[in-house]
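*Asks:* Before we start, here is the structure in question, set down as structure tokens.
The values are calculated or read from the model by the stated rules, or taken from the named source; none is laboratory data. Source: prediction; values computed, not measured. FYI the Cβ positions are ideal-geometry reconstructions off the backbone, even for glycines, and counts take in every protein chain you see.
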Amino acid sequence: MVQTDISQLSAETAEWRQILRTYRDELQESKKLLQNTCGPHLTKQQLTDVEHFQNQFHIQLINIHDVKQHIKSHERRIEMKEQLSEQSFAEHEMILDEFLTLQNTLQELRNEFKNYISAISC
């Protein structure tokens with residue numbers, strides 16, 4: 001019973017890390033797309049928008065790194081235990097909330113950027 005719980009939690013955290021890797025790669029591609037789409041003749045508003053996205057990409061890449069590190073630490077603590085405590089499950093739920101909040105933020109940024117790219121011609 002306990003082993004099933006540990007393997008289930010480990011599988012969940014592995015899935016979260018894979019999803020975050022995918023978002024990280026997508027943000028890197030979005031950074032490149034932003035650079036390639038925008039030429040040297042930008043309006044002041046376009047410059048502001050480009051700077052906004054550059055800053056958001058940078059911030060969210062940091063957030064992805066931080067959440068992945070939190071998940072990895074949690075995984076190591078889980079793997080070292082023979083029996084999971086209520087604290088382990090509580091920590092797992094906290095990390096899940098953190099992951100879901102970040103995922104929501106990343107999806108909003110993705111949608112905002114897609115709308116921006118499709119609406120402009122730098």
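*Asks:* I'd like the full set of residues that are surrounded by 15 or more Cβ atoms within 10 Å (Cβ to Cβ), of a type in the set (A, V, I, L, M, F, W, C) and over 18 Å from the mean Cα position of the chain (by Cα), limited to the range 43-62.
*Replies:* Result: Val50, single match.
*Asks:* Here is a further query. Does the range 79-122 hold any residues that are in contact (Cβ under 8 Å) with a residue 24 or more places away in the chain and among the aliphatic types (A, V, I, L, M), and which are they?
*Replies:* Leu84, Ile95, Leu96, Leu102, Leu106, Leu109, Ile117, Ile120
*Asks:* Would you confirm, using the coordinates I've provided, whether Ser85 is at pLDDT below 85 and more than 23 Å from Ser7 (Cβ to Cβ)?
*Replies:* no
*Asks:* Moving to a separate point now. Scan the range 75-95 residue by residue and report those that are surrounded by 15 or more Cβ atoms within 10 Å (Cβ to Cβ) and under 18 Å from the mean Cα position of the chain (by Cα).
*Replies:* Matches in the range 75-95: Glu75, His92, Ile95.
Table: residues versus (1) free of Cβ contacts under 8 Å to residues at least 40 places away in the same chain; (2) within 21 Å of Met94 (Cα to Cα).
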position	(1), (2)
Ser7	yes, yes
Glu12	no, yes
Trp16	no, yes
Thr22	yes, no
Leu47	yes, no
Glu51	yes, no
Leu61	yes, yes
Ile64	no, yes
Lys68	no, yes
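*Asks:* Only one of Gln69, Gln83, Gln87 is outside any helix (DSSP H, G or I) and farther than 24 Å from Ala119 by Cβ; which?
*Replies:* Gln83
*Asks:* With the structure loaded, tell me whether Glu91 is of a type outside the set (Ser, Thr, Tyr) and under 23 Å from Leu9 (Cα atoms) or whether it fails that test.
*Replies:* When the stated conditions are applied, Glu91 passes them.
*Asks:* Something else: Restricting attention to the range 96-122, which residues are in a helix (DSSP H, G or I), surrounded by 12 or more Cβ atoms within 10 Å (Cβ to Cβ) and of a type outside the set (D, E, K, R)?
*Replies:* Leu96, Phe99, Thr101, Leu102, Gln103, Thr105, Leu106, Leu109, Phe113, Tyr116, Ile117, listed by residue number.
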